[in-house]
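Presented below is the structure to which this report refers.
The values are calculated or read from the model by the stated rules, or taken from the named source; none is laboratory data. Here the structure is a predicted model, which means the values were calculated and not measured. Using ideal geometry, Cβ is built from the backbone for each residue, glycine included, and neighbour counts are taken over all protein chains shown. Surface areas here come from the heavy atoms of the whole protein model, side chains and all, with no ligands, DNA or RNA. Shrake-Rupley method; radii C 1.70, N 1.55, O 1.52, S 1.80 Å.
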Amino acid sequence: MRLFQRFLPLALVAALASTALAQAPNPHTDPLNFDPVVRDAYNHFYNLDYDGALSRFEQVLKANPQNPMAADYVLMVTIFRELYHQDLLDTTYYAHDSFLTTQRKVEVPDPTRQRIESLLAQVQDQVDQRLKANPNDPNAKNLLFARGYARGLHAAFITLADHSFFAAARQGLAARNDSEAALKLDRDYADANMAIGIQQFAVASLPRLVRMMVGIAGVGGNKEHGLELLHISAEHGVVTQVESRTTLSLFLRHDGRYAEALAMQHGLATQFPHDYLFRLEEANLTKDKGDGPGAIAIYKQVLADAHKPGYFADPRLQMAWFGLADTERGQNDIADAAKHYLEAANQPNASDWIRKRANLNAGQMLDLLHDHNAAVAQYQKAAAPGGDQSQADAARKLIKTPYTGK
């Protein structure tokens, strides 16, 4: 199963995505994408104002109950808002911990999970019924794209929240099939290239044995072709422009092409300076590229901007503090790393998962500063019963044996 670690960043495609709208209507997309309320809702979504976006998209769905794309909007925001509140939209944690072996259990509130599953079923049922009634429906390409888009969103959700890799792989393949069908009807349906590009790159990144394990043996994949398709949707898509650019950044990072990934991410952060996640990811990539001092400067600027009233909507500061501390640790700035891990742990909206990870790491830094009593206090918090237990075993060992950095 550790082979999945090579594929892990691919699962975050939807986690960091925002969606862009073209400036003028075109015939290669659902006209609803150009509705003024839809455009306004996406502006809120770009700024991570999930509640503002959701209220507007709910209006759109109420006015267009038979259009599956309207349900897709609500599904998209509902999923991303929950992942964000669970601290699951920062790639730092996936790059440095084994996502597969962590014992974290994500507690998604029942109403949220039910809403997600209900919206997915609504989209699939609407499309199935329409195409069954009329296989030559003049709106078929939009219907197919809407169903594929919903499946892709759901695949990202069950990967990150549930670790359901097998089900997610099948959903991703279904999204690709829908997108290919849409392109057969309209070769200029640029948005449809995104799901195919993701699947092409993802499949090519997995060994044949793993493809067999997740039930997609025989499915072809090609990394460079996947990147080419993503460039098409990034340049010409209507609802996947920014998603595709985010995906390109993630995939380039996955292959160690940090300069290219950083250039793509810098463009997103510049275009959307109030998108906390885009700004944070630029810092993460700068760190991964090996520029520790540069990454520290960006993290600090993000934190400074976060203290400006209204600059970011609901910034999850624990993400920036944790990333900053990790980078300082890499620069052997142990005292500041300890202080900033504690800042991450003390954020009031931090999930129990990130809080206990920060407690553990703070304890390690305090041990390196030869203050084992203070370190033990942090290890005890990391090992506390209830809530997240993914750090408990490591913390209990460190209570007995001080961390030495080895």
* Run through all the Cα pairs of the chain and give the fraction in each 20 Å bin from 0, expressed as whole percent. => 27, 57, 15, 1
* Structure fact -> Here, K132 and R396, labelled 7 Å along Cα→Cβ, have an inter-label distance in nm of 5.2 nm
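Tell me the per residue accessible area of the chain using a 1.4 Å probe; a whole number in Å² is fine. Display every interim value, and only then the final one.
Values: 16490 Å² over 406 residues.
Here the per-residue accessible area is 41 Å².
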* Provide the descending list of Cα extents for the stretch 311-390 along its principal axes, expressed in whole angstroms. => 39, 33, 16
* To do: At 7 Å along the Cα-to-beta-carbon direction for both N139 and Q59, put a label point, then send me their distance in nm to one decimal.
  => 2.1 nm
* Please give the contour-minus-distance gain from D40 to A306: 0.36 nm per residue of separation, less the Cα-Cα distance, rounded to one decimal in nm. => 93.5 nm
* Going by average Cβ neighbours within 10 Å, how do the peptides 67-76, 283-292, 306-315 rank, with the highest at the top? -> 67-76, 283-292, 306-315
* To do: Please give, to one decimal in nm, the separation of the simple spin-label points placed at H231 and F166, each 7 Å out from Cα toward the Cβ.
  => 3.8 nm
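Given the Cα-Cα distance of V108 and L369 and 0.36 nm per residue of separation, how much length would full extension add, in nm?
Values: separation 261, 0.36 × 261 = 93.96 nm, distance 3.80 nm.
Between V108 and L369, full extension yields 90.2 nm more.
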* Asked: Over the stretch 219-295, with a single point scatterer placed on each C-alpha, what log10 of the ratio I(q)/I(0) does the Debye formula yield at q = 0.13 1/Å?
  -> -0.39
* **Largest-first principal axis extents, alpha carbons of the stretch 253-406, Å** => 49, 31, 26
* Sort H44, H274 by accessible area with a 1.4 Å probe, largest first. => H274, H44
* Structure fact -> With only helices counted (DSSP H, runs n ≥ 4, each -39500 (n - 2.57)), the per-residue ellipticity at 222 nm for the chain, to the nearest 500, works out to -21500 deg cm²/dmol
